[in-house]
Amino acid sequence: MVFSSIVFLFYFLPIFLIVYFVTPKKLKNSVLFLSGLIFYAWGEPINVIYMLLCILINYGAGRLMERADKNEKRRKLIMILAVVFSLGLLGVFKYSGFFAGIFGLDIQTPALPIGISFYTFQSMSYCIDLYRRSIGVQKSIVDFGAYVTMFPQLIAGPIVRYADVERELNQRSVNLPAMGEGVGTFTCGLAKKVILANSIGMLWTEIKGHDLGQLSACTAWIGILAYTFQIYFDFSGYSDMAIGLGKMLGFHFPKNFDHPYQATSITDFWRRWHITLSTWFREYVYIPLGGNRVSKLKWVRNLMIVWGLTGFWHGASWNFIFWGLYFGILLTVEKLWLGKYIQKLPRFLAWLYTFFCVVISWVMFDLSTVSQITTFIKSMFGGSGVLIDDYARYQFHTYVLIFLLCALSATSFGKWLLEKVRRSKRVDQILCVLTPVVQMGLFVLCIAYLVNETYNPFLYFRF
């Protein structure tokens with residue numbers, strides 16, 4: 001079940017909210033746990049078994065660590081075993097086919113459970129943080145299950161660490177302003193996904209269906225720019241919907257995106273893109289390896305390990321590993337040498353360098369073979385011998401308005417303008433009245449799109 005579906009918007013969500021808000025406080029986590037299981041089971045019921053197993057093992061590990069409070073060696077062993085189990089579960093479903101292919105083994109690989117990369121990382125963070133004594137043990141298996149299966153962020157994040165919601169799992173409240181803010185955030189996320197990502201994504205799907213070596217340079221650039229906007233609005237739209245749903249329930253999930261296409265360096269980009277994933281790898285891989293408190297050679301090693309794993313987390317394919325290492329190399333070069341020169345550049349040139357590098361990265365991210373990647377990049381720079389053709393002109397004229405809307409929506413201009421005009425009390429009062437009307441209009445427009453269009457993928461579901 002996806003958020004941008006009629007079933008979710010008009011059946012699951014209203015029924016859940018009614019049941020949730022009429023349920024006594026002490027039973028709300030039970031409702032959250034059960035609803036998460038129903039939500040997850042909608043696509044493939046058998047996958048619930050693996051999720052429940054993950055919950056049982058990590059919950060049990062937490063209770064065992066609590067009992068071994070005075071024995072550090074035993075606590076460490078329990079934590080390691082829990083992490084190995086979670087990684088093993090992830091490895092069997094996500095990576096067994098990849099390694100079987102490397103060693104030439106012909107084995108039947110199981111179907112990948114949706115969202116397994118997200119909920120295994122969350123479960124691991126609980127056990128690691130508990131071992132570090134930075135959080136308290138969760139004694140209720142229902143409350144722990146509610147944390148892991150919380151449907152707003154279950155499928156595609158943000159990656160919510162237990163520490164982020166520890167207090168709110170035990171005690172939370174929702175008032176009318178918070179509910180309204182949650183509805184607004186959810187609606188904006190839905191619009192990002194349905195109106196922007198879906199519309200521009202159809203163009204990329206069409207273009208990459210052609211012979212990549214025969215694309216004109218303009219067609220190739222139009223296509224990859226379409227994907228650049230699609231993946232941002234698809235993923236950030238989902239994150240916004242998750243954050244909005246969380247607010248409706250009294251949770252405050254961490255921000256996952258901060259206008260990444262405004263970044264003026266690759267370092268800056270990764271402070272703004274998929275923030276919760278970057279935070280997870282920094283806290284649980286980079287810092288334990290020594291971070292930057294080691295020799296320069298070991299620091300480079302740490303950085304490349306983290307970014308190789310970041311790419312591998314996205315998918316069991318060489319293109320994702322190349323994508324991760326590509327960013328690892330860029331970040332290393334920036335920190336060792338290039339960064340000081342980028343800082344001296346005019347802001348526009350620094351932005352242009354960053355955006356160019358990011359756009360190239362999306363070619364590696366979406367095209368699965370080295371041959372496809374190199375062929376497409378050659379076409380971007382005139383490899384087909386054609387710079388512009390009638391097809392490129394046609395697609396440009398067809399999609400120019402949606403490109404402009406995407407470009408504007410990817411910046412913080414709207415937020416800046418809103419803050420500017422709200423300094424006037426009179427304007428602020430008018431906006432307080434107009435905002436719900438605009439949000440309702442956006443919601444109706446999204447429903448119209450969903451009813452009329454069949455193209456409605458969620459790109460990050462495969463991770």
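The values are calculated or read from the model by the stated rules, or taken from the named source; none is laboratory data. Being a predicted model, the structure only gives us computed values, none of them experimental. Here Cβ is always computed from backbone atoms with ideal geometry, including for glycine, and neighbour counts include all displayed protein chains.
Against the definition (surrounded by 15 or more Cβ atoms within 10 Å (Cβ to Cβ), among the small types (G, A, S) and more than 25 Å from W273 (Cα to Cα)), how does S384 come out, yes or no? Spelling it out, S384 is indeed surrounded by 15 or more Cβ atoms within 10 Å (Cβ to Cβ), among the small types (G, A, S) and more than 25 Å from W273 (Cα to Cα). Here the condition is being in the same structural domain as E206 (by TED's automatic domain parsing), surrounded by fewer than 14 Cβ atoms within 10 Å (Cβ to Cβ) and hydroxyl-bearing (S, T, Y); of S409, S361, S424, it holds for S424 alone.
Suppose the filter is of a type in the set (A, V, I, L, M), farther than 30 Å from S368 by Cβ and surrounded by 14 or more Cβ atoms within 10 Å (Cβ to Cβ); does M65 pass it? When the stated conditions are applied, M65 passes them.
F3 meets each of the listed conditions (1) of a type outside the set (S, T, Y); (2) under 19 Å from G145 (Cα atoms); (3) modelled with pLDDT under 95; (4) within 28 Å of the chain's Cα centre (by Cα) apart from (2). Every condition in (1) under 28 Å from D164 (Cβ atoms); (2) in contact with a helix residue (DSSP H, G or I) (Cβ under 7 Å, 6 or more places away or on another chain); (3) aliphatic (A, V, I, L, M) holds for I287 except the one numbered (2).
This table checks each residue for (1) among the small types (G, A, S); (2) in a helix (DSSP H, G or I).
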| position | (1), (2) |
| --- | --- |
| I321 | no, yes |
| V333 | no, yes |
| Y341 | no, yes |
| F348 | no, yes |
| V358 | no, yes |
| S368 | yes, no |
| L387 | no, no |
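Of all the listed residues (L404, L417, L434), the sole one being within 20 Å of I231 (Cβ to Cβ) and loosely packed, with under 14 Cβ neighbours inside 10 Å is L404. Identification of helices (runs of 4 or more DSSP H) wholly contained in the range 142-235 with 2 or more residues that are without any contact (Cβ under 8 Å) to a residue 24 or more places away in the chain and either aliphatic (A, V, I, L, M) or farther than 24 Å from Y455 by Cβ (or both) yields 176-191. Y119 meets the conditions (1) at pLDDT below 95; (2) surrounded by fewer than 21 Cβ atoms within 10 Å (Cβ to Cβ); (3) within 24 Å of the chain's Cα centre (by Cα) in every case but one. The failed one is (2). Name the residues in the range 276-327 that are more than 22 Å from F93 (Cβ to Cβ), over 17 Å from the mean Cα position of the chain (by Cα) and among the small types (G, A, S), would you? Answer for the range 276-327, where residues must be more than 22 Å from F93 (Cβ to Cβ), over 17 Å from the mean Cα position of the chain (by Cα) and among the small types (G, A, S): G290, G291, S295. Annotation note: Cβ proximity below 7 Å between a residue of the range 327-356 that is under 23 Å from F312 (Cα atoms) and a residue that is outside any helix (DSSP H, G or I) (sequence gap 6+ or interchain) occurs for E334/S265; T354/A263; T354/T264; T354/S265.
Residues that are basic (K, R) and at pLDDT 95 or above are absent from the range 411-426 altogether.
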